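A short worksheet on the structure shown next.
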Amino acid sequence: MSIVIASVLLYGAVLVLGGLVLRRGGDAVPEALRISWDQALSVTPRIILAVIGAGFIAALVPPEWVAAFVGRDTGFAGLLLASLIGALTPGGPMLAFAVGGAAMEVGAGAPQMMAFVSAWSLFNFNRMLVWEFPIMGHRSTLQRFAIALPLPVLIGLAVGQLGLL
Amino acid sequence: MPNPAPARPRRKVDAGLLIVLAVALLAGGLCYALKGPAVFWSVLGDDLWLLLAIAPKVLAGVLLAGLLTVLLPREQVARWMGSRSGLKGLTLAALAGALLPGGPMMTFPLAVALGAAGADIGTATAFIAGWALLNVSRTLVWEMSFFDNDFVLLRYGLSLLLPILLGWLARQCFGRVKALAERQEGGAE
């Protein structure tokens, strides 16, 4: 049911933005389609491999390990560990989200996975090393890092303590 | 006038793709060896169903990325909000980070362009955090494919104001409104 609602919203947004682009006329429509096509070529192999890889990982890792390390009852330590794993997970959004989603199906806690996703988003180590340090410079990068550091655990705590999910 | 496409399209094969490929092959091989062919094929079958289920969302996300790229010209966005500061500048920066599609190869150079257009560390932080936590096309394509909607909505809702807050904190801690470009020129490092 909610999948249907999400799809309706998504395609509604596509229609509205598509209408805006259409009204511009000229090269706007072929340009948008070309960018989308390029994106699709890049995303498709990644998403297929990520889903398959995450599926096998979920089958390999004993569920009781997942529950023991990042389960709902692991509390603060689990939040810290999940944040650390998130920061260290390489391979772009495909692998991070696929692994997180698969972990939740075999017993990872929602607060812990919230911390995992937030840490991956904010501090992906691989991304900071390859992109942020060289482009932004080490001062800006370290300042941003310092400011955002407590967030993943705080978000996880908020979800866990307030019983939000 | 439609803006030109971003100069650097994503490479078709890069480290990210190779890492997922290696993980898939390794995990698949181990699964076949340790759990046997029956488990291997059943996992693969489940994965194919999952792929079919998320395909429409991925298609929509990819279309949205193309449309947003055409609708929000990056250089213009940088110029437009680079010179704005205060809460308005932070809010615009967070919004731009959330809406502009593109990976790190497009986002960090744009953050530098913001600095060149007069933005400070607060605005740059809000932009990067907006992109990291709230990017619409990443959430639509990847996050919603693998987590259920309740999880995604809750995470997104909890993170909604964080980029503005982080930008504000960065501004308080690391210097008042002062252009990034100016700081980098003047910095001794």
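A compact table of results
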read-out: Matching residues in the range A:56-83 - criterion: being acidic (Asp, Glu), over 28 Å from B:LYS35 (Cα atoms) and in contact (Cβ under 8 Å) with a residue 40 or more places away in the chain; value: none
read-out: One residue from A:ARG46, A:ARG72, A:ARG23 being among the basic types (Lys, Arg) and within 19 Å of B:TRP49 (Cβ to Cβ); value: A:ARG46
read-out: Tally, over the range A:21-33, of residues that are over 9 Å from B:VAL70 (Cβ atoms), at the interface with another protein chain (Cβ under 7 Å from one of its Cβ atoms) and assigned to a helix (DSSP H, G or I); value: 1
read-out: Candidate set: the range A:1-20, residues that are more than 7 Å from chain B (Cβ to nearest Cβ) and closer than 17 Å to B:SER137 by Cβ; chosen: the one modelled with the lowest pLDDT; value: A:LEU9
read-out: Residues located in the range A:106-117, provided they are at the interface with chain B (Cβ under 7 Å from one of its Cβ atoms) and either free of Cβ contacts under 8 Å to residues at least 24 places away in the same chain or crowded, with 24+ Cβ neighbours inside 10 Å (or both); value: A:MET114, A:VAL117
read-out: The range B:28-49: number of residues that are surrounded by 19 or more Cβ atoms within 10 Å (Cβ to Cβ), within 26 Å of B:MET144 (Cα to Cα) and not β-branched (Val, Ile, Thr); value: 3
read-out: Residues of the range A:39-86 that turn out to be open to solvent by 20 Å² or more (accessible area, probe 1.4 Å) and under 21 Å from B:LEU18 (Cβ atoms), as a count; value: 11
read-out: Tabulated pairs, the range A:128-141, first surrounded by 17 or more Cβ atoms within 10 Å (Cβ to Cβ), second of a type in the set (D, E, K, R), C-beta under 6 angstrom, 6+ apart or interchain; value: A:THR141/A:GLU132
read-out: Some residue of the range B:62-81 being at pLDDT 85 or above, more than 21 Å from B:ALA132 (Cβ to Cβ), of a type in the set (Ser, Thr, Tyr) and in a helix (DSSP H, G or I); value: no
read-out: Single condition B:LEU87 does not satisfy, out of (1) closer than 30 Å to B:LEU51 by Cβ; (2) open to solvent by 30 Å² or more (accessible area, probe 1.4 Å); value: (1)
read-out: Breaking point among (1) assigned by TED's automatic domain parsing to the domain that holds A:GLN39; (2) open to solvent by 10 Å² or more (accessible area, probe 1.4 Å), for A:ALA103; value: (1)
read-out: The listed residue being open to solvent by 10 Å² or more (accessible area, probe 1.4 Å) and assigned to a helix (DSSP H, G or I), out of B:LEU114, B:LEU133, B:LEU140; value: B:LEU140
read-out: Test set (1) at the interface with chain B (Cβ under 7 Å from one of its Cβ atoms); (2) under 30 Å from A:LEU164 (Cβ atoms) - A:GLN39 fails condition number; value: (2)
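The values are calculated or read from the model by the stated rules, or taken from the named source; none is laboratory data. None of these values were measured; they are calculated from a predicted model. Cβ: placed from backbone, ideal geometry, glycine included. Neighbour counts: every protein chain shown. What goes into the accessible areas is simple: the full protein's heavy atoms, side chains included, and nothing from ligands, DNA or RNA. Shrake-Rupley method; radii C 1.70, N 1.55, O 1.52, S 1.80 Å.
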